[in-house]
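The values are calculated or read from the model by the stated rules, or taken from the named source; none is laboratory data. Worth saying up front: this structure is predicted, and the values here are computed from it rather than measured. Cβ atoms come from the backbone with ideal geometry, glycine included; neighbour counts cover every protein chain shown. When the accessible area is computed, the model is the full protein with side chains, heavy atoms only, and any ligands, DNA or RNA have been set aside. Shrake-Rupley method; radii C 1.70, N 1.55, O 1.52, S 1.80 Å.
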Amino acid sequence: MNLVLPSHAIRSLPIQQVATHSAELKSILFEQTFAAEPGQFVMLWIPGLDEKPFSVSDVRDGKIEITAKAVGPFSRALMECRPGDRLGLRGPFGRGFRPRGRGLVVGGGMGIAPLRYLVHRIERDRASFRVALGARTAAEMMFIGDFSKCGAEFATDDGTLGKQCLVTGLAARLCVEEAFDVIYGCGPEPMLVALKKLADERGIDCQLSLERHMKCGIGVCGSCCVDGSGICICREGPVLDRAELDRVADFGRPHRDATGARKGLVPEPPTTN
Amino acid sequence: MNPLAVQIAGVALESPLVLASGVLGTTSASLRRVAQAGAGAVTTKSCSLAARAGHPAPCVLPWPGGLINAVGLSNPGVEGELEELAEYRRTCATPLFVSIFAGSADEFGQLARRVAAAKPDLIEVNVSCPNVESEFGTPFAADPEACGRVVREVKENAGGVPVSIKLSAQCASLARMAVVCRQNGADAVTAINTVGPGMWIDVGTGRPALSNKVGGVSGPAILPIAVRAVYEIRKAVDLPIIGTGGVSSADDALQLIMAGADAVGVGSGVYAGGVELFGEINRGLAAFLKERGFDSLAQVKGLAEREGRP
């Protein structure tokens, strides 16, 4: 498979539109210059600052959209961007979701962003699905309007929207009430670990989007290789299925920083698969 | 007999393909992955005494001729590196080459001593990284005397582990550099490192796209430079050569071997071909030997300098 695409080369594009969800949560839209599947990501460059991976939160009407929340210097700078400002955009990178059968879509926090695009795709394909979303508080829940239309259930830590519980609690209940072929998930890794366990228990597949420190986006620099199998998240992920997740030795454990050192706790010895 | 088997400084490889330093070799798992994909040996990303985060992104960019990078030698430092090496050794038998980088001959010696304790099959000395000049000055590989000192320090501290010096195509005379390496005790040379540095400007903003502004150029664009470099070194010394630069097919690898390389580094080719590239090139090499009636790669090595019709 030849993965060299002209759109992998860095190229700045003017921002077409900024959609403000709140002072700390915005969507940035560019003219769509390349195709991207739900779950795939782009590398976004703020000249003079840094370049970071962002999952695509929608592709619609000839525009490609990413959604960011102000958490660090990069995303705070992104909040200041206006239409017409030029940012570097390259992609699409990685392997996204592969929708099939009846799906349970589960998202937490910023992980909800790519799930909106996934749900639009599933709706387009007229497949059946349910959605469960979690956030700390109602103000941090993304795209409430969009997701309410498709009957999503919500969970918040403080009970300001939906049930006061973890989103994985909603997912577990939905799995008891209804039959699913696959669980799609994106969000904090402890949530993904719980979803993997749920999929294992129910004997169904899952497709979960993982996050690791990335530099190149093209499977070359090795920064995002997981322990155990060495699967390269930027290229073979970020969305891994159940069998692939079994080969991620650092799933739910400390992973690596910009130097390549393991952060925090010493993990258990790796498997040899 | 395995027709692809080669020897580098006494190290037996089942394939001439060596994972080049700087691509994937960040962790034991990524090294093992490439070994399982068909590499005859794997080289780690260069490690230094202290941890380095490297340059901010963008630091690796594809362009139509290959890649340009200024990763900036990010690595967890020798302590973290030794853990990865030990883990690799426990789980994989494929020969392990460890690349080291330092700012002075003395530091290179200290690093070689630390790394040698892990008993790698070979230590590769990175004296030619083109994307840290603002921090470390002109690479040692541009100056025969400075390079010679580094080679001596590393050899004195390597405890018998074979040492290969990674050269740059950009020096006054590669032949002279290779002779200096051999005179100071090098067991092999790796040629070449990335070329440049080069620069890539985003036309929309008018800004250099790499955060470091400049970076090493690699990929298909530099294959002819690597082939010439290997040819020049082969004429000058009888040291084993790991020919590296722009390989993405069996024909590319054969060019380097015909120029005189004993083994062939594969790095940036992984972008277009994935880790599967190692298996593909191995199959291509075996098919070539069979079709042309050769029993081993040794019969192909250095063909470019031989008399008569092959």
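A few points about this structure:
- The listed residue being more than 30 Å from B:Leu285 (Cβ to Cβ), more than 10 Å from every other protein chain (Cβ to nearest Cβ) and in contact with a His (Cβ under 7 Å, 6 or more places away or on another chain), out of B:Ala70, B:Ala105, B:Ala86: B:Ala70
- Restricting attention to the range A:199-229, the residues that are more than 14 Å from chain B (Cβ to nearest Cβ) and either open to solvent by 20 Å² or more (accessible area, probe 1.4 Å) or under 17 Å from the mean Cα position of the chain (by Cα) (or both) total 12.
- Which listed residue is more than 9 Å from chain A (Cβ to nearest Cβ), open to solvent by 10 Å² or more (accessible area, probe 1.4 Å), touching a helix residue (DSSP H, G or I) at 6+ places or on another chain (Cβ under 6 Å) and on the phi < 0 side of the Ramachandran plot, from B:Ala51, B:Ala37, B:Ala5: B:Ala37
- Among the residues of the range A:133-151, those that are in contact (Cβ under 8 Å) with a residue 24 or more places away in the chain and either outside any strand (DSSP E or B) or of a type in the set (Gly, Ala, Ser) (or both) comprise A:Gly134, A:Ala135, A:Arg136, A:Thr137, A:Ala139, A:Glu140, A:Met141, A:Met142, A:Phe143, A:Asp146, A:Phe147, A:Cys150.
Residue-wise test of (1) of a type in the set (Ser, Thr, Tyr); (2) touching a Pro at 6+ places or on another chain (Cβ under 9 Å); (3) away from chain B (no Cβ under 12 Å).
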position	(1), (2), (3)
A:Ser7	yes, yes, no
A:Val18	no, yes, yes
A:His21	no, no, yes
A:Lys26	no, no, yes
A:Glu37	no, yes, yes
A:Val42	no, yes, yes
A:Trp45	no, yes, no
A:Asp50	no, yes, no
A:Pro53	no, yes, no
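- Number of residues in the range A:66-81 that are open to solvent by 20 Å² or more (accessible area, probe 1.4 Å) and within 20 Å of A:Ile10 (Cα to Cα) equals 1.
- Every condition in (1) crowded, with 24+ Cβ neighbours inside 10 Å; (2) more than 10 Å from chain A (Cβ to nearest Cβ) holds for B:Gly10 except the one numbered (1).
- Flag if A:Ile66 is touching an Asp or Glu at 6+ places or on another chain (Cβ under 8 Å) and either in the same structural domain as A:Phe143 (by TED's automatic domain parsing) or in contact (Cβ under 8 Å) with a residue 24 or more places away in the chain (or both): no
- Single match in B:Pro3, B:Pro62 (criterion: over 30 Å from A:Arg11 (Cβ atoms), more than 16 Å from the chain's Cα centre (by Cα), at pLDDT 95 or above and not charged (D, E, K, R)): B:Pro3
- Residue count, the range A:21-58 (criterion: farther than 18 Å from A:Arg86 by Cα, assigned to a strand (DSSP E or B) and open to solvent by 30 Å² or more (accessible area, probe 1.4 Å)): 3
- Every listed requirement among (1) more than 11 Å from chain B (Cβ to nearest Cβ); (2) in contact with a Ser or Thr (Cβ under 8 Å, 6 or more places away or on another chain); (3) among the β-branched types (Val, Ile, Thr) is met by A:Val248 save one, (1).
- Hey, B:Asn131 within 14 Å of another protein chain (Cβ to nearest Cβ), of a type in the set (S, T, N, Q) and in contact (Cβ under 8 Å) with a residue 12 or more places away in the chain or not: yes
- Checking A:Glu140, A:Glu153 one by one, the residue that is among the acidic types (Asp, Glu), under 21 Å from A:Met110 (Cβ atoms), open to solvent by 30 Å² or more (accessible area, probe 1.4 Å) and out of contact with any strand residue (DSSP E or B) (no Cβ under 6 Å at 6 or more places or on another chain) is A:Glu140 and no other.
- Output for the range B:280-293, where each listed residue is open to solvent by 10 Å² or more (accessible area, probe 1.4 Å) and on the phi < 0 side of the Ramachandran plot: B:Glu280, B:Asn282, B:Arg283, B:Gly284, B:Ala286, B:Ala287, B:Phe288, B:Lys290, B:Glu291, B:Arg292
- Filter result (open to solvent by less than 40 Å² (accessible area, probe 1.4 Å) and within 13 Å of chain B (Cβ to nearest Cβ)) within the range A:230-240: A:Gly230, A:Ile231, A:Cys232, A:Ile233, A:Cys234
- Residue list for the range A:241-254, restricted to those being over 19 Å from A:Arg98 (Cα atoms), within 18 Å of the chain's Cα centre (by Cα) and open to solvent by 40 Å² or more (accessible area, probe 1.4 Å): A:Gly252
- Only one entry in B:Val150, B:Val115, B:Val132 is closer than 20 Å to B:Ile192 by Cβ, modelled with pLDDT of 95 or more and out of contact with any Ser or Thr (no Cβ under 8 Å at 6 or more places or on another chain), namely B:Val150.
- Boolean, B:Val266 is closer than 22 Å to A:Arg235 by Cα and in contact with a Lys or Arg (Cβ under 7 Å, 6 or more places away or on another chain): no
- A:Ile183 at pLDDT 95 or above and within 14 Å of chain B (Cβ to nearest Cβ): no
- Taken together, the residues in the range B:218-246 that are within 14 Å of chain A (Cβ to nearest Cβ) and hydrophobic (A, V, I, L, M, F, W, C) amount to 1.
- Condition check for A:Phe97: crowded, with 24+ Cβ neighbours inside 10 Å and of a type in the set (Phe, Trp, Tyr): yes
- Restricting A:Gly107, A:Gly88 to residues that are assigned by TED's automatic domain parsing to the domain that holds A:Leu166 and either touching a Gly at 6+ places or on another chain (Cβ under 7 Å) or part of a strand (DSSP E or B) (or both) narrows the list to A:Gly107.
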